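Everything below concerns the one structure shown next.
The values are calculated or read from the model by the stated rules, or taken from the named source; none is laboratory data. From a predicted model like this one, the values you see are computed outputs, not experimental measurements. We place every Cβ from the backbone using ideal geometry, glycine too, and count neighbours over all the protein chains shown.
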Amino acid sequence: MGKEFLNLMDPDDVKKIIDSLNIKRKIENVNLSDAYQRVLAEDVYAAIDLPPFDRASMDGYAVSAQDTFGASEDNPITLNLIEKIRAGDVPSKKVEKGTCSEVGTGAPMPDGSDAVVMVEVTDIKENKVEILEAVTPGTNRAIRGSDIEKGKFLLSEGTLLTADKIGALSAIGLDKISVFAKPTVAVISTGNELIKPDEELQHGKLYDINSESISNAVKSCGCIPLASTIAKDDYTSIKNKIDQYKHADVIITSGGTSAGAGDVLSQVVDDIGEVLVHGISVKPGKPTLIGTLPGGDVDIILFGLPGYPVSALMIFHGFVAPFLRGVAGVKKFMEKKEGSALKLSRRYHSARGRSHFVLVKIDEDVAHPILKDSGAITALAEADGYFEVPKNVEIIEKDEEIKVMPLSGL
């Protein structure tokens, strides 16, 4: 057997190393119909006035306001109806003294008019409209550019394009928009025992879990997982798989990180790049590896997760996910909605000196710790989230409030 880790790093120090890593952000133009939950790569300015013309903001009658002065139910003023204008129509007649035009909400205001009398305060008899309430100039009229003027700032670089933001971009007539390209992440599982789900399960073999779970976790961080693959537990196989994904921004492996004789990932990374972290003082997930590999303009980042599925996911969510969200430009949006304050269902004991990630099942706003080891697959099926126990905490009492983090993202 290989030697045990000699210098496990403190989780806070590991996070500082991760924060210092970076990848080159690329920009691409996409159709607005494909821009949902993408991140703007440039500031956007209004290409047109909004609204693009003076328009009615109520159903009623476009008038010259001074023609209505003094109007009341006891003293109605009668105007001649000269035209009916609906949204999308082009007015053909000018409103002159003693006349008005019928308008629908959103319809263009005809020349000569400066206000709209709501239909509720009028009576109409043939082509005569009785005005029962006076209006002032600008009443129920949206002036061209009153929402935003052409050339004015609309959305800033770094904005997450949600449904409302896409609506605003649609309003100014954009059909394409510049966004940051989603970082690409290669996912590699290592292990002689691993097979794909479509293969026959033979004695001593296990179906690969981490490829699918990690790939989907990558998606939840606003990144694109590349086709996942399996490497054998030997130097050549692992190196060849890594070489296949030198075009990726990030490579995530699982397995092959501990000090056992068959775990050679650290040797591969050390030979072709640099090992930055090999061992974290955390449970589960102690044998985590972080390194860099030579790429194009910037290095490729490699995260070597433990092989046990629970350990792999815990390290992913605790260390890798914040990094991926940051390079994808969605971190600040995720942090706004992450975490729920829940009460713990029972006392929890933790070993002092190491941070712990604990899976929980949530039932009626109470968090129930899942007390299974990191090799228990059913823990993933039961889990709704997890909480972190700081390294200097040994006991969390029953009913104490904890922050439970979700196991999903975008």
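Note on the stretch 316-357: residues that are closer than 19 Å to Val14 by Cβ, crowded, with 21+ Cβ neighbours inside 10 Å and either of a type in the set (A, V, I, L, M, F, W, C) or modelled with pLDDT under 90 (or both) total 8. The criterion of being out of contact with any Asp or Glu (no Cβ under 6 Å at 6 or more places or on another chain) and either at pLDDT below 95 or of a type in the set (A, V, I, L, M, F, W, C) (or both) does not hold for Asp114.
What do you reckon, is Ser211 assigned by TED's automatic domain parsing to the domain that holds Lys331, crowded, with 21+ Cβ neighbours inside 10 Å and more than 30 Å from Leu155 (Cβ to Cβ)? Lay out the reasoning, then the answer.
Numbers: assigned by TED's automatic domain parsing to the domain that holds Lys331: yes; crowded, with 21+ Cβ neighbours inside 10 Å: yes; more than 30 Å from Leu155 (Cβ to Cβ): yes.
Answer is yes for this residue.
Examine the stretch 127-141 for a residue that is at pLDDT below 95, of a type outside the set (Ser, Thr, Tyr) and over 30 Å from Ser33 (Cβ atoms), and state whether such a residue exists. Yes, the stretch 127-141 has at least one match. Counting only strands (runs of 3 or more DSSP E) that sit completely within the stretch 351-410, those holding 2 or more residues that are touching a residue at least 40 places away in the same chain (Cβ under 8 Å) correspond to 355-363, 385-389, 401-406.
Residues being more than 44 Å from the chain's Cα centre (by Cα) and closer than 27 Å to Pro52 by Cα: count how many of those fall in the stretch 95-109. First the steps, then the outcome.
Keep residues of the stretch 95-109 that are more than 44 Å from the chain's Cα centre (by Cα), which gives 95-102.
Subset that is closer than 27 Å to Pro52 by Cα: 95-97, 99-102.
Of the residues in the stretch 95-109, 7 are more than 44 Å from the chain's Cα centre (by Cα) and closer than 27 Å to Pro52 by Cα.
Per-residue answers, yes or no, for (1) touching a helix residue (DSSP H, G or I) at 6+ places or on another chain (Cβ under 9 Å); (2) on the phi < 0 side of the Ramachandran plot; (3) not basic (Lys, Arg):
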| site | (1), (2), (3) |
| --- | --- |
| Gly104 | no, yes, yes |
| Gly112 | no, no, yes |
| Ala115 | yes, yes, yes |
| Ser146 | no, yes, yes |
| Gly173 | no, no, yes |
| Thr184 | no, yes, yes |
| Ile188 | yes, yes, yes |
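Among the helices (runs of 4 or more DSSP H) confined to the stretch 155-263, the ones with at least 2 residues that are under 24 Å from Pro309 (Cβ atoms) and free of Cβ contacts under 8 Å to residues at least 60 places away in the same chain are located at 210-219, 235-244. Quick one: in the stretch 290-309, which of the residues that are of a type in the set (A, V, I, L, M) and touching a strand residue (DSSP E or B) at 6+ places or on another chain (Cβ under 7 Å) is surrounded by the most Cβ atoms within 10 Å (Cβ to Cβ)? For the stretch 290-309, the residue satisfying everything is Leu305. If you go through the stretch 133-154 and keep only what is assigned to a strand (DSSP E or B) and surrounded by fewer than 18 Cβ atoms within 10 Å (Cβ to Cβ), you end up with just Phe153.
Suppose the filter is in a loop (DSSP other than H, G, I, E, B), of a type in the set (S, T, N, Q) and more than 21 Å from the chain's Cα centre (by Cα); does Asn22 pass it? Step through it out loud before you land on a result.
Working: in a loop (DSSP other than H, G, I, E, B): yes; of a type in the set (S, T, N, Q): yes; more than 21 Å from the chain's Cα centre (by Cα): no.
No.
Can you name every residue in the stretch 358-407 that is under 26 Å from the mean Cα position of the chain (by Cα) and not aliphatic (A, V, I, L, M)? Hits for the stretch 358-407 are Lys361, Asp365, Glu382, Asp384, Gly385, Tyr386, Phe387, Glu388, Lys403, Pro406.
Filtering the stretch 55-103 down to residues that are part of a loop (DSSP other than H, G, I, E, B) and of a type in the set (Asp, Glu), which residue is farthest from Val121 (Cα to Cα)? Show your work before the answer.
Here is the first cut: in the stretch 55-103, the ones part of a loop (DSSP other than H, G, I, E, B) are 57-59, 64, 69-76, 86-98.
Filter once more, so that each one left must be of a type in the set (Asp, Glu): 59, 73-74, 89, 96.
Working: Asp59: 11, Glu73: 8, Asp74: 12, Asp89: 24, Glu96: 21 Å.
Filtering first and then ranking leaves Asp89.
Can you tell me which residue is nearest to Met109 (Cα to Cα) among those in the stretch 123-132 that are part of a loop (DSSP other than H, G, I, E, B) and touching a residue at least 40 places away in the same chain (Cβ under 8 Å)?
So the first thing to find is which residues in the stretch 123-132 are part of a loop (DSSP other than H, G, I, E, B), and the list is 126-127, 132.
Next, only the ones that are touching a residue at least 40 places away in the same chain (Cβ under 8 Å) stay: 127, 132.
On the way: Asn127: 19, Leu132: 21 Å.
Here the residue is Asn127.
Please find, among Leu194, Leu174, the residue that is buried (at least 19 other Cβ atoms within 10 Å of the Cβ) and out of contact with any Pro (no Cβ under 6 Å at 6 or more places or on another chain).
Numbers: Leu174 fails: buried (at least 19 other Cβ atoms within 10 Å of the Cβ).
Every option except Leu194 fails the conditions.
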